[in-house]
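Since every read-out is calculated from the coordinates, none of them should be taken as a lab result. If you're wondering where the values come from, they're calculated on a predicted model, not measured in any experiment. When we count neighbours, we look across all protein chains shown, and the Cβ atoms used for this are built from the backbone with ideal geometry, even at glycine.
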Amino acid sequence: MVAYKRGTFGDGKRVVMEFIPYGKQHITQEDIASVVEVLESDFLTTGPKVKEFEEALCEFCGAKYCVVVSNGTAALHLASLALLQPNDKVLTTPNSFLATSNAIVYAKAKPIFVDIAQDGNIDLDLCEEYLQKDSSIKALYGVAFSGNMLNQEKLAYLKQKYNITILEDTAHAIGAEYNGIKAGSCVNSDVSIFSFHPVKHLTTAEGGAITTNSQEVYEKLLVLRNHGMVKTADMKPWEYEMKELGFNYRITDLQCALGISQLKKLPSFVKKRQEIAQNYDASFKNSIVKPLYSFHNNSSYHLYVVLVDFLSTSITKEELFIQMKEKNIGLQLHYMPINKQPFYKNLGYGNEVMPNMDRYYKECFSLPIYPLLTQKEQEYVIANLLELLDG
Ligand SMILES: Cc1ncc(COP(=O)(O)O)c(C=O)c1O
């Protein structure tokens, strides 16, 4: 990366850029053409593109089965209905989007919020302490936060030793690999889920997917995605049967066509994100801005999260967000602790002792990272951030 000069930009003059969000999609003419092709076909809702997208995702992740759905939250909901029973205790992280633990509640099960480790992921050592103390804990919902895969050796160990069900929320992590184990491959988990929201690595506008290696889970998910309806060969042509309550969580052929086209570009998207992360890491060396974790290839960098000790700055975090926005730079915060949300407080959560999450929440924020972010824009972000933090 070209060295930037703090407080100046390009020829030495500060140039205010177009708004730079923390994340955004990259749609090409090829993507658009693939959607138009479906618009001109016979299938707008469920048609051949759904299966084709599912097969492409299986191939990409190395999982046996995939069910694509209307969004990542629907993926978590259906997976939870397939995996959990009412009142099951489930270890999960406070450092995620609301949907992760909400899905546990949808299934009438009970989240147990566990503190995070230094990398922002659920602390798997602490999970083991919970499992040792309470043999009735049934499951673990971990999030590959920011695109950084959960420690796979530790997941394998916990699964085997404590016989728990594991869901990997890999909404941030498509394209990530942990020592050859791909996000979504479910080598050490029962299911993984993805989200294809536009800020994620690849988008279908709204969209999500569940991957699994279990035929039983797969078949259950197919039925739940479509109202719980079953049609068998021995039925009359108009007949169907509903044995359990399902949903309309179907995704359209239009969206799947976009997903198939985007998936082809995913490796280059991940590479670009990793380059941006490396540039940030190098630029923040010896500064007050600390990357959440030093660059490594296990992360596909949906987010680039940094920590700043605001006790040692003249600017507060809120002021920083506002002043960066004035410079057309969008910061974001991932995440507010879920267990402290009013809904969860009403259920009796919120007073868990979580020193790492508490400190993390005070110090963290996310910087712009997406394939179309230019080097110029990144330099502009870095220069403004360091200048404002210097006071
Ligand atoms: C970790 C995580 N899980 C689940 C979801 C839900 O995905 P969706 O927005 O597609 O419903 C998100 C969305 O931001 C997420 O970040």
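Some observations on this one:
- Length-normalised contact order of the range 29-262 in % [C-alpha pairs under 8 Å, at least 6 apart]: 27
- Dividing the helix sum by the residues of the chain, where each DSSP H run of 4 or more adds -39500 (n - 2.57), gives a mean residue ellipticity at 222 nm of -12000 deg cm²/dmol.
- Scoring 139-145, 302-308 by mean Cβ neighbours within 10 Å over their residues and listing the highest first yields 139-145, 302-308.
- Loop trypsin sites (Lys or Arg not before Pro), the range 280-348 (other Cβ atoms within 10 Å of the site Cβ: 16 or fewer; DSSP): 285
- For 186, 61, order by how many other beta-carbon atoms lie within 10 Å, fewest first: 61, 186
- Over all distinct Cα-Cα pairs of the range 79-199, the Kirkwood formula returns a hydrodynamic radius of 14.1 Å.
- The distance separating the Cα centre of the range 337-365 from that of the range 274-314 comes to 23 Å.
- Peptides 204-213, 44-53, 126-135 ordered by average Cβ neighbours within 10 Å, highest first: 204-213, 44-53, 126-135
- Likely footprinting exposure, 73, 100, fewest C-beta neighbours within 10 Å first: 73, 100
- Oblate is the label for the chain, because a/c, from the alpha-carbon gyration tensor with a ≥ b ≥ c as root eigenvalues, is 1.5 or above and a/b does not exceed b/c.
- Helices that extend 18 Å or more along their long axis by alpha-carbon positions and average at least -0.5 on the Kyte-Doolittle scale are, among the DSSP H runs of the chain, 48-61, 253-284, 375-390.
- Debye intensity ratio in log₁₀ form over the Cα atoms of the range 29-262, taken at each q of 0.11 Å⁻¹: -0.55
- For 225, 250, order by how many other beta-carbon atoms lie within 10 Å, fewest first: 250, 225
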